[in-house]
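Below: the structure, in structure tokens.
Read the figures in this text as sums done on the coordinates, not as results from a lab. Only a predicted model underlies this, so the values are computations on that prediction, with no experimental measurement involved. Cβ: placed from backbone, ideal geometry, glycine included. Neighbour counts: every protein chain shown.
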Amino acid sequence: MKIGVAREGNMVSAHFGQCEGFVLFDVEDGRIIAREEIQNPGHAPGVLPQLMADNNVDVVLAGGMGPKAVDNFCMHGIEVYIGVSGEIDQAVRAFLDGTLEQGSNVCHH
């Protein structure tokens, strides 16, 4: 499994499309085996869902995103968890442990 997290520094970004970059986690048997950071190439319709699909991401964690972006991720077969906040590593561990709490979508498109 591969998890993509929108980032601002070491925190989960409040807005997926306008984040500074993404952290991609490769996970096997519930354990993180690799971590990679990539830059945000820009906020344009469909670009980021395609970027995540091209990087074989299965799950995306973000503070928020617009409904069209959510639909685009779904079209690529990528699960979206919005309303996520806090430190990236803690959010990923909570997701893997099944304890991730999702708040409200903080992006209001």
Pull up all non-local amide H partners of Ser13: gap of 5 or more, or a different chain, and H-to-H distance under 5 Å with H placed in the peptide plane. Ala6, Arg7, Glu8, Gly63
Segment Thr99-Asp29, extension gain: residue separation times 0.36 nm, minus the distance between their alpha carbons: 23.5 nm
Highest GNM mean-square fluctuation among His76, His43, His15, for the chain with Cα springs under 10 Å, belongs to His43
Roughly how many debye, to the nearest 20, is the charge dipole of the chain about its Cα centre, given +1 on each Lys and Arg Cβ, -1 on each Asp and Glu Cβ, and no other charges? 220 debye
Antiparallel %, DSSP beta bridges [both residues in the chain], to 5: 70 percent
Going from the fewest other Cβ atoms within 10 Å to the most, one would list Cys19, Cys74 as Cys74, Cys19
State the label only: which of (1) -0.61, -0.89, -1.11; (2) -0.84, -1.07, -1.21; (3) -0.69, -0.99, -1.22 corresponds to log10 I(q)/I(0) by the Debye sum over Cα atoms at q = 0.16, 0.19, 0.21 Å⁻¹ computed from the shown model? (1)
Give me the one-decimal nm value for the distance between modelled label points at Ala44 and Glu20, 7 Å along each residue's Cα-to-Cβ direction. 2.4 nm
Spelling out what I want: for every residue of the range 3-19, take phi, set θ = phi - 60°, compute 6.51 cos²θ - 1.76 cosθ + 1.60 (Karplus), and round to whole Hz; glycine and proline get x. 10, x, 10, 6, 10, 10, x, 9, 10, 5, 6, 6, 9, 4, x, 9, 6
